[in-house]
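Inspection log for the structure reproduced underneath, given as structure tokens.
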Amino acid sequence: MPSATSARHRLDGFYREHHGWLLSWLRRRTRHPDTAADLTQDTFVRLLSKRVDPAQLRLPRAYLSTIAHALMVNHWRRADLERAYLDALAAQPEPVHPSPEERTQALELLHAIERMLRHLPARPRQAFLLARLSGLGYADIAERLGVSERMVKKYMAQAMLHCLRIDSA
């Protein structure tokens, strides 16, 4: 069994060898140096948390880019969600604007909802969000999605069941 010191040296060498490449790869894709730097660090943290021995990776850059891509998609998803929330806030009259603490709580709740619905198919997720967040009735949802009201009911049942399963897990 390798010693902790030799494992640390391998990881250190792996980091030095691939950090610059990964940072450049992410800069080209994000076009934001700070975001690329954060995602690069997050990628190596994820690698550490998985307890992967870098010496065992046949295609280390492919492995790193797969992790980085997933983190980048997650970053964009969160940014889109936050942007939509802030746009909705900006459209509200001034007295409705929440405090910074309320904004943070609302964003945390939106992120939790997004995580909960992430693995739900697109149509049931859309129906659920239109019903719960937009307050639309089934007829309006059916019209927007181009399906029957009966199908919307099925989508809602599927979404509710999905949420119950996640909540009880």
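Find the residue count for the range 29-54, including only residues that are open to solvent by less than 70 Å² (accessible area, probe 1.4 Å) and of a type outside the set (Ser, Thr, Tyr).
As a first pass, look at the range 29-54 and keep what is open to solvent by less than 70 Å² (accessible area, probe 1.4 Å): 30, 35-37, 39-40, 43-44, 47, 52-54.
With of a type outside the set (Ser, Thr, Tyr) added as a condition, the list becomes 36-37, 39, 44, 47, 52-54.
Of the residues in the range 29-54, 8 are open to solvent by less than 70 Å² (accessible area, probe 1.4 Å) and of a type outside the set (Ser, Thr, Tyr).
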Worksheet item: List the pairs whose first member sits in the range 59-70 and is closer than 15 Å to Tyr15 by Cβ, whose second member is outside any helix (DSSP H, G or I) and of a type outside the set (Gly, Ala, Ser), and whose Cβ atoms are under 7 Å apart, counting only residues at least 6 apart or on separate chains?
Response: Tyr63/Leu57
Response to the item:
Scanning the range 13-54 residue by residue, the ones that are assigned to a helix (DSSP H, G or I) and either over 15 Å from His75 (Cα atoms) or touching a residue at least 40 places away in the same chain (Cβ under 8 Å) (or both) total 24
Worksheet, complete the sentence: Filtering the range 159-169 for residues that are exposed (fewer than 14 other Cβ atoms within 10 Å of the Cβ) and not in a loop (DSSP other than H, G, I, E, B) leaves a count of 6
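Which count do you get for residues in the range 103-116 that are charged (D, E, K, R) and loosely packed, with under 11 Cβ neighbours inside 10 Å?
1
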Item to complete: Output yes when any residue across the range 136-158 is open to solvent by less than 70 Å² (accessible area, probe 1.4 Å), under 18 Å from Ala88 (Cβ atoms) and assigned to a helix (DSSP H, G or I), and no when none is.
Response: no
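Quick check: is even one residue across the range 86-99 polar (S, T, N, Q) and touching an Asp or Glu at 6+ places or on another chain (Cβ under 9 Å)?
Residues of the range 86-99 polar (S, T, N, Q): 92, 99.
From what's left, touching an Asp or Glu at 6+ places or on another chain (Cβ under 9 Å): none.
Taking every residue of the range 86-99 in turn, none turns out to be polar (S, T, N, Q) and touching an Asp or Glu at 6+ places or on another chain (Cβ under 9 Å).
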Worksheet item: Quick one: in the range 55-97, which of the residues that are polar (S, T, N, Q), assigned to a helix (DSSP H, G or I) and more than 20 Å from His111 (Cα to Cα) is least open to solvent (accessible area, probe 1.4 Å)?
Response: Ser65
Item to complete: Just give me the residues in the range 117-135 being surrounded by 15 or more Cβ atoms within 10 Å (Cβ to Cβ) and under 21 Å from the mean Cα position of the chain (by Cα), in sequence order.
Response: Leu117, Leu120, Arg123, Pro124, Arg125, Gln126, Ala127, Phe128, Leu129, Leu130
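Tally the residues that are hydrophobic (A, V, I, L, M, F, W, C), over 15 Å from Leu164 (Cβ atoms) and in a helix (DSSP H, G or I), restricting the search to the range 119-135. Walk me through how you get there before you give the answer.
Let us first name the residues in the range 119-135 that are hydrophobic (A, V, I, L, M, F, W, C), namely 120, 122, 127-131, 133.
Next cut, over 15 Å from Leu164 (Cβ atoms) only: 122, 127, 129-131, 133.
When the remaining residues are screened for being in a helix (DSSP H, G or I), the result is 122, 127, 129-131.
Adding up the residues that qualify gives 5.
The values are calculated or read from the model by the stated rules, or taken from the named source; none is laboratory data. For clarity, every value in this text was computed on a predicted model and none was experimentally measured. Virtual Cβ from ideal backbone geometry, glycine too; neighbours counted across all protein chains shown. Keep in mind that these areas ignore ligands, DNA and RNA; they rest on the heavy atoms of the full protein, side chains included. Shrake-Rupley method; radii C 1.70, N 1.55, O 1.52, S 1.80 Å.
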